[in-house]
Structures are given as structure tokens and as C-alpha cells.
Amino acid sequence: MEVGTGSGIFLPELSKHCEHLYACDIHHEFDNIALICETYGIKDYKLSTQSIDHTTFLSESFEAIVAVSMLEFVPDIQKALTEIKRILKEDGVFITISPMESIILDFFLSFYTRKPPKVEFRDARQKVSGLLEQNFTIIKKGYMVPLIGKFFPVYTHYKLKK
């Protein structure tokens, strides 16, 4: 399951690692995603419009949930993490990557978005890592760029379990 699938660009890779592919996002624009799936020969997939803070999925539905640069945009991160835990199987994994607050990243983000990062993300970037580590058990944690990322984080990635 990919939550916050956005354009669906990651779905072809995810489809190589599962029998049934699920994706959800808050938008309704799945035509391009269906085209991506058709182009890559992905046949067993289901797209749904719903927010990760309250889904219609049954409890313990997914062996793996992936969220790429999505949690920092969710209004209530704790509520989203509670829902992810609910729909994740007991022995499942949650894989996520999130941008961190960083002078380097903030410079490029403000140039790209033409908005101050504080406007774009509120205080979400400061909260994400702490909430992930409070709500899940860390299997693996890493930084982009590996050697300097621990001191000047740009993105932090996690592999987590309940």
C-alpha cells in the first residue's frame, strides 16, 4: 500500500514487490496513474480517494505500507500514524521518508516553491521523526546524504514495525 501516492510515479517499482498493489491519496485524479499502471503492465491494483487519517481499509490489511514525503503535509500526523498502525498487519513494515528542517534544504525549497518552508510545512518537519519514533519500533533509520545527513539532515528514511 502506498499512501499519498501523488502522481503514482513510484507504483511501477512497488508493483515488483507485491502481488496486490493498493494506493490512496486525497485527490481524485487517477487517470494518469491508471495510464502508468497500463504502461508498466500492472494489472492487480486498486486506487482509492481517501485520507490516511481515516480510511475504509480493514484493520491489519497490509503487510507493507509506504509513504514517500507525505507525512509533513498531513494536518494531524498523530492521527495518520494511528491509522497506519491500525491497517498495518502485526508483522508488517512501514517504510517512510520525510524531509527534515535544514538550512540547505530550506534554501532550495524556498527557491523552488517560492514560499518560505515554514509556510509550506508549518512545524510538521520537526514533529515527524519524534512521532514516528514514539509510535513505532525502528528497524532501520538512515539519512540522506549518509555521511553528513546525521548532522545536516535533508531527508530521513525509516523502516518501522508496530
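Please treat every number below as a calculation from the coordinates, not as lab data. On a predicted model such as this, the values are computed, not experimentally measured, just so you know. Using ideal geometry, Cβ is built from the backbone for each residue, glycine included, and neighbour counts are taken over all protein chains shown.
Note down the nm distance, to one decimal, between modelled labels 7 Å out along Cα→Cβ at HIS17 and at ALA64.
Label-label distance for HIS17 and ALA64, simple model: 0.3 nm.
For SER48 and GLU133, FRET efficiency with R0 = 25 Å and r from the beta-carbon atoms, rounded to 0.05?
0.30
Long-range amide H contacts for GLU2: which residues qualify at under 5 Å (H placed 1.01 Å from N, peptide plane, sequence gap of 5 or more or a different chain)?
Here the answer is TYR22, ALA23, CYS24, VAL66, since their amide H atoms fall under 5 Å of that of GLU2.
Once the piece of chain linking PHE10 and LYS141 is laid out straight, how much longer is it, given 0.36 nm per residue of separation minus the C-alpha distance between them?
Residue separation times 0.36 nm, minus the Cα-Cα distance, leaves 45.1 nm.
Distance cut-off 29 Å, Cα to Cα: go down the list LYS85/LYS140; LYS43/LYS140; LYS16/LYS127; LYS46/LYS89; LYS46/LYS85 and report the pairs above it.
Too far apart for the 29 Å limit: LYS43/LYS140; LYS16/LYS127.
Starting from 0.36 nm per residue, how many nanometres of slack lie between GLU90 and ASP76 once their C-alpha separation is accounted for?
2.7 nm is the gain from fully extending GLU90 to ASP76.
Tell me, how many Å apart are the Cα centres for the stretch 69-88 and for the stretch 4-61?
So the separation of the two Cα centres works out to 17 Å.
May I ask you to derive the FRET efficiency for THR56 and VAL154 from their Cβ-Cβ distance with R0 = 25 Å, giving the value to the nearest 0.05?
Calculated value: 0.10.
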